[in-house]
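Everything below concerns the one structure shown next.
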Amino acid sequence: MYITCGFTGFQKVINVKKAMDLKQLQYFVAVYDYGSLLSAAKYVGVGQPALTKSLKNLEERLGLQLFTRHSRELTPTTPAHDLYKRALQVLAEAQSFQLTAEQIATGIQGAVTMGCGPVESDIILLPLIETLNAQGADIDFEVKIEKFDKLLHGLLVYDYDFLLFDTGKLEELADCERFHVTPLFKMPIDIVVSKALHESLKKKDLMTALSKVKWAVTSEQPPQKFMDQFPKSFQTLINQNGSAQYQIESIHTCLSLVRAGLAATFAPRILVKDEVASGSLVKIPLPFELNVHIGAYQLRSRSINFTAQKVVDTLQSLEECISLV
């Protein structure tokens with residue numbers, strides 16, 4: 001059996017008996033996303049030679065060049081751009097088919113897979129699970145904690161029912177129209193330092209003093225996210241002094257450095273409110289409010305199931321305990 005397909009003004013005949021398998025599509029998508037054979041191979045968990053061979057076989061079967069090589073980087077060709085979104089849809093449908101089959105075979109219902117950023121998971125998971133338990137909900141959770149780019153890729157291939165992340169990230173996406181974001185709650189952010197470091201900063205111009213300390217920040221919460229709200233003079237001092245920063249995955253590790261008097265940090269208020277109240281940490285007073293708005297990212301092309309929607313609705317009900325004033 002043969003089918004005829006048209007690409008950019010010419011036709012190719014593809015033998016269905018030699019059609020690509022799902023792994024080839026998975027590898028193609030990984031190379032497209034990462035632009036590097038080495039990085040893509042690490043992501044899919046195979047050796048680079050195996051990935052290279054699979055990509056070559058796919059190109060031969062399709063009769064198309066999918067990437068051009070520039071030094072160590074691979075640039076998608078026009079056919080690759082045309083095929084990428086379709087490949088994502090095929091992989092997503094295959095994943096959905098497998099999950100449905102597993103639920104039918106095992107009788108397991110009420111399973112939800114959720115992606116979270118590191119800070120979001122620290123804030124949200126405990127009150128979410130406590131609330132669902134109090135409601136008597138019997139839900140099997142799988143929560144994966146990653147950076148935003150990896151989470152987004154997982155959402156596109158149906159690894160997750162939805163993602164929890166800063167809604168501001170949506171503005172950075174070139175294809176933001178593919179996603180629907182449900183606003184959940186506002187997460188107030190405070191600048192905190194140790195009591196000892198605060199004593200050393202007791203100057204008339206606190207902003208000048210702060211510009212000279214080291215900062216510990218999570219990789220998904222860079223200070224520039226908030227610096228635009230500070231006075232221009234403070235931004236200039238930060239740039240001139242080049243204050244060293246500790247880029248750390250965990251907000252709890254950042255806070256450990258703060259407690260040791262080694263850095264300042266931006267911390268969700270809900271994580272530091274007790275220590276600020278006791279005086280062990282000091283909140284730096286600011287003339288404005290710093291906030292991160294958390295939302296649930298979903299694909300517009302996919303309707304989430306009843307159980308996942310119940311979790312999203314429950315998250316919206318948590319606003320009162322997480323959005324501290």
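Some points to look at:
- Residues located in the range 63-83, provided they are assigned to a helix (DSSP H, G or I), modelled with pLDDT of 90 or more and touching a strand residue (DSSP E or B) at 6+ places or on another chain (Cβ under 8 Å): PRO79, ALA80
- Test: residue in the range 23-31 that is exposed (fewer than 12 other Cβ atoms within 10 Å of the Cβ), out of contact with any strand residue (DSSP E or B) (no Cβ under 6 Å at 6 or more places or on another chain), at pLDDT 85 or above and part of a helix (DSSP H, G or I): no
- Answer from LYS283, LYS310 - the residue that is basic (Lys, Arg) and in the same structural domain as GLN247 (by TED's automatic domain parsing): LYS283
- Scanning the range 130-150 for residues that are touching a Gly at 6+ places or on another chain (Cβ under 9 Å), touching a residue at least 60 places away in the same chain (Cβ under 8 Å) and among the hydrophobic types (A, V, I, L, M, F, W, C) returns ALA137, ILE139, PHE148.
- Flag for VAL258 being modelled with pLDDT of 90 or more, assigned by TED's automatic domain parsing to the domain that holds LEU201 and assigned to a strand (DSSP E or B): no
- Here GLN240 clears all of (1) over 25 Å from LEU170 (Cβ atoms); (2) surrounded by fewer than 16 Cβ atoms within 10 Å (Cβ to Cβ); (3) at pLDDT 80 or above except the condition numbered (3).
The values are calculated or read from the model by the stated rules, or taken from the named source; none is laboratory data. Everything numeric here is computed off the predicted structure, so don't read it as measured data. Don't worry about glycine lacking a Cβ; one is built from the backbone with ideal geometry, like all the others, and counts go over all protein chains shown.
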